[in-house]
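Novice: There's a structure below that I have some questions on.
The values are calculated or read from the model by the stated rules, or taken from the named source; none is laboratory data. Owing to the predicted nature of the structure, the values given are computational and were not obtained by experimental measurement. We place every Cβ from the backbone using ideal geometry, glycine too, and count neighbours over all the protein chains shown. Keep in mind that these areas ignore ligands, DNA and RNA; they rest on the heavy atoms of the full protein, side chains included. Shrake-Rupley method; radii C 1.70, N 1.55, O 1.52, S 1.80 Å.
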Amino acid sequence: MIDRLLAPPASRNCLDLNELEALRTAPERMSTGLAEARRHADGVLADAFARRTDIRDLVQARAWVIEQLVLTAWQGTLGEHSGLELIAVGGFGRGELHPHSDADLLILCPDAAARPDAALEDFVRALWDADLHPGHGVRTVTECIEQAAADVGVATNLMESRLIDGDGGLFTQMREATDAPALWPADEFFAAKSLEQQQRHDQFEDTVYNLEPDIKNGPGGLRDIQMVAWVAQRHFGTSTLHGLVENDFLSEREHEDLVEARNRLWEIRWALHEISGRAEERLLFDYQRKLAATFGFDAPDDNSAVEAFMQRYYRTVMHVERLNEQMLQIFEEELLSGRRHLPSATIDENFHLRHGYLELIDEQAFVRQPDLLLRLFLVLADNPEIRGVRASTIRLIREHLYLIDAEFRSDPDNLALFLQLLRRECRVYAQLERMNRYGILAALIPAFARITGRMQFDLFHVYTVDQHILFVIRNLRRIATGRNAELFANAIEIFKRIERPEVLYLAALFHDIAKGRGGDHSELGADDARSFVNALEMPEADRDLVCWLVEDHLLMSMTAQRRDISDPAVVDEFARAVVDMRRLEHLFVLTVADIAATRPKLWNSWKDSLLRELFVATEAHFRAGPDEKHDKTELAGELCDEAGSMLAEGGFALDRVQACLACLPIEAIVRLDADQLAWSAAQVLGDGGVPRVACRNLEQKGITEVFVFADDFDGLFALTAREFDRMELNVLAARIATTADAHSWNLFQIMDANARALNHSDTARLQRALLEQLGQRNIRPLPGRPIPRRLRHFMRRCEISFAAASGMTRLEIATTDRPGLLSAIAESLLGAGIRLHDARIATFGQRVEDVFVISTRAGAALDEQARQRLEVELRQRLDP
């Protein structure tokens, strides 16, 4: 009846059992003695882990050690005749514990009145004092039955229970009652556990692709493996995963893969507990580098080692997720009758529909006709009533991936099938995503296999490269079908000009395929794309367009976010790189889909407006022709005329308007559009003194514009930036100008911390604060603020570069984002005696890439000495 663990080989030298026996009669030494014994065992097991002892032996040894310590405390405090029974449950019940896992205990008592509370308190206190992390409950058999009936989680825990001390009568009653099919019939148990898993997955956005994944509870984690085991135990009465093989639910290969994945996750979890010093289940950035080193991932670049380690982790959990999905589908077919009302029919000579799911008719068909591995996805795309693929057919697909070899990949007929899928009217993304899950994409395009599960160690790219690529295609399909018009309205309109969307899908498939190889991933990806599309039956112009889009997929994003697109020279340079309207249209749509697939909420109205502005300016450039001159003086005159007309309509006298605008330098005027020029001039021409601060929300762009007009003085920008940082506002762009009559004319575009325009309350608060500070001119640095935990691991020496810019100097700073960054940069400019004329702020996850147009106080470009002095000021404030 008592079911205690046997001592595995790894437990040798962990405990002195004679010393533990002595502790049972020495209560005064119980806590300290147990703690010393635990620490000694921890050290022995840590050394065994460092020697790469089999992880299965280690988790069993840890459970055995904890069991001996728990029994020592139990027998030393409650004795042999307490009438209570001590039960191990959960991971302890399974005999699987990691360095800081809880020791889950159930104490059964005959009735509530019979609980020896004082002795139980001594027992639990001894365990806590020894740092054994006890999780315990004291219940009667009746209470166990009631709670198990009400909560499937309790029922699951009791399924794994072991009696470790006591006469066993209560334990037998409890197990017989809670194991009874009437309490949780197999079908109800499966349905409840499936719901429990889905709710657990929802906490992690239902994806394995989290930057700091939870190895125990996240999708594809250890809980998903246990889920399969629990359902099998309830349905078949088997206590091992191999029981699924014996009941024809798993193949031997799948069982080996599942056990191998579990062991790998166990190894990572063991190391995570050791490194963190607690029962940490999340692979936080704090630990990823140390974990990579623990498992031998060494590289000259820290990030590449972490990325390689995390890629192995993601591939492991992706495999678990797929096996879990397959097994649950088989269980659903076996246990639930909910599918039986769905249609069944023959589709063609190779496939039929069985209760709504696609099934291969002949299990040997893939061998005789390998192209069915691709045709299957065409059938799915053409028949929207099909709910999915039967688990047995998914297994056949995975077992026959070897058929997709070099000969298969070079067969024009097979490549034509893939191109046909990309040309389908609907369900393109769904099939590509399914092809990725089943391993087809990686087999068909070997380069894709290299980026499967590839994560970039930063806060900008929150998905693995393969998932990002598929999300780009998903966005393209949403744009193609007109969905999410609130996000993609401009892209939807431009997509209507696209004649052959497969060009975009192919470009998306290859645009990041060379990530992680070293070198320029765009150029390497273009080479991969060229090799692939050259074998496809498509026009040569389409092939060239695919390869150009891959090589230059970042061109529009970088130009719009980092360059001054109000400058005709910037537009001219971009237009020369793009060449024609067909390229521009495809690049615009691909860029929108790419940005929106990088991380949740990265795509917003502000980025949409930047891309749209660049698109419209380039389209106008193409219409005007290459001989069109772009003279800044002429452009400034046109802007002033348009703004003047708007102001005149608002009741301002023409002579006052002309005098006001004449004070602005031409370089400042051409950096504004007519609406900005008219609005800011209206604030200057209105009643009231100086300084003036005005705010307005631009709903279409989702931003707030802030206009500051004040007497010019050194430090004005530093003072303004300090207030923005103090209110945790994000500055997107700044237009800084000094008028002929020595006033500062500054226009800022900002968002709040949630990437939205400011609400009325915040706008009023900002205006008051700026007016007060401008009146006082008291430029005090912001107090230092702590670096958020997630950012600490990405703090690097900042990149600083200088370049000539139309008689001034262009300063580029790439560094880690942090609270107070813009204020620190502004203070550095002030400290070095530098004037700011223009700023472009771009944030990519944890990385900021800011561009500033600057000069000396006299308005000249910085010489080498001035550049060095400024770089010293910047590094003092920005470098870690």
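Novice: Working only with C-alpha atoms, what are the Rg and Dmax values of the chain, expressed in angstrom?
Specialist: For the chain, the Cα radius of gyration and maximum Cα-Cα distance read 33.5, 105 Å.
Novice: Tell me the label-point distance for the pair residue 777, residue 40, using the 7 Å Cα-to-Cβ offset, in nm and rounded to one decimal.
Specialist: 7.6 nm
Novice: Still on this model: How many angstrom lie between the Cα centre of the stretch 810-833 and the Cα centre of the stretch 769-809?
Specialist: Their Cα centres are 3 Å away from one another.
Novice: On to the next question. Multiplying the sequence separation of residue 32 and residue 71 by 0.36 nm and subtracting their Cα-Cα distance, what value in nm do you get?
Specialist: Net length gain for the segment: 12.5 nm.
Novice: Continuing with the same structure: For the pairs 607/632; 496/607; 290/515; 496/632; 290/607; 193/290, flag any whose C-alpha to C-alpha distance is greater than 28 Å.
Specialist: Distance filter (> 28 Å) returns 496/632; 290/607; 193/290.
Novice: Can you give the relative contact order of the chain as a percent, counting alpha carbon pairs under 8 Å and 6+ residues apart?
Specialist: 6 percent
Novice: Less than 14 Å from a label point 7 Å out along the Cα-to-Cβ axis of residue 4: which backbone N atoms in the stretch 88-116 qualify, by residue?
Specialist: Zone members listed by number: 88.
Novice: Next up: Using a 1.4 Å probe on the protein heavy atoms only, what accessible surface does residue 230 show? Give it in Å² to the nearest 10.
Specialist: Using a 1.4 Å probe on the heavy atoms, I get roughly 20 Å².
Novice: Using C-alpha positions alone, give me the convex hull volume of the stretch 692-779 per residue in cubic angstrom.
Specialist: Per residue, the Cα convex hull of the stretch 692-779 comes to 84 Å³.
Novice: While we're looking at this one, here's another question. Between residue 426 and residue 19, what is the label-point separation in nm under the 7 Å Cα-to-beta-carbon projection?
Specialist: Using points 7 Å along Cα→Cβ, the separation is 7.2 nm.
Novice: Continuing with this model, one more query. What residues from the stretch 421-438 fall in the zone where the backbone N is under 19 Å from a label point 7 Å along the Cα-to-C-beta line of residue 481?
Specialist: 421-437
Novice: Can you give the FRET efficiency for residue 355 and residue 252, using 1/(1 + (r/R0)^6), R0 = 35 Å, r = Cβ-Cβ distance, to the nearest 0.05?
Specialist: 0.80
Novice: Still on this structure, I have one more. Identify the trypsin sites (Lys or Arg not before Pro) of the stretch 808-880 meeting these criteria: DSSP loop state and at most 14 other C-beta atoms within 10 Å of the C-beta.
Specialist: Answer by residue number: 857.
Novice: Are there GluC sites (Glu not before Pro) in the stretch 371-443 that DSSP puts in a loop and that have at most 12 other Cβ atoms within 10 Å, and which ones?
Specialist: Of the GluC sites (Glu not before Pro), the ones in loops of the stretch 371-443 whose Cβ has at most 12 other Cβ atoms within 10 Å are 385, 425.
Novice: On to the next question. Taking the Cα centre of each part, how many Å lie between the stretch 112-180 and the stretch 314-370?
Specialist: With the stretch 112-180 and the stretch 314-370 each reduced to a Cα centre, they are spaced 41 Å.
Novice: Can I ask one more? Rg(Cα) of the stretch 181-255 divided by 2.2 N^0.38 Å?
Specialist: 1.21
Novice: Report the gain in length on full extension from residue 392 to residue 47: 0.36 nm times residue separation, minus Cα-Cα distance, nm rounded to one decimal.
Specialist: 119.8 nm
Novice: Here's something else I'd like to know. Quick one: accessible surface of residue 761, probe radius 1.4 Å, all protein chains present, in square angstrom to the nearest 10.
Specialist: 80 Å²
Novice: Oh, and also: Ignoring ligands and nucleic acids, what accessible area does residue 290 show with a 1.4 Å probe (Å², nearest 10)?
Specialist: 120 Å²
Novice: Run through the stretch 529-592 and list the GluC sites (Glu not before Pro) located in a DSSP loop whose Cβ has at most 15 other Cβ atoms within 10 Å.
Specialist: 537
Novice: To the nearest 0.05, what FRET efficiency results for residue 580 and residue 378 with a Förster distance of 35 Å applied to their C-beta separation?
Specialist: 0.55
Novice: Under 22 Å Cα-Cα from residue 601, which lysines qualify once same-chain neighbours fewer than 8 residues away are excluded?
Specialist: By straight Cα distance, residue 601 reaches 701.
Novice: Arrange the residues 553, 242 by how much accessible surface each exposes, largest first, with a 1.4 angstrom probe.
Specialist: If we order 553, 242 from most to least accessible, we get 242, 553.
Novice: Please find the FRET efficiency linking residue 876 to residue 346, where r is the Cβ-Cβ separation and R0 is fixed at 56 Å, and quote it to the nearest 0.05.
Specialist: 0.15
Novice: If you don't mind, another one. Could you check the spin-label model distance between residue 186 and residue 756? Points 7 Å from the Cα along Cα→Cβ, value in nm.
Specialist: 5.1 nm
Novice: Now for a different question. I'd like the distance separating the alpha-carbon centroids of the stretch 552-611 and the stretch 681-719, in whole Å.
Specialist: So the two Cα centres are separated by 28 Å.
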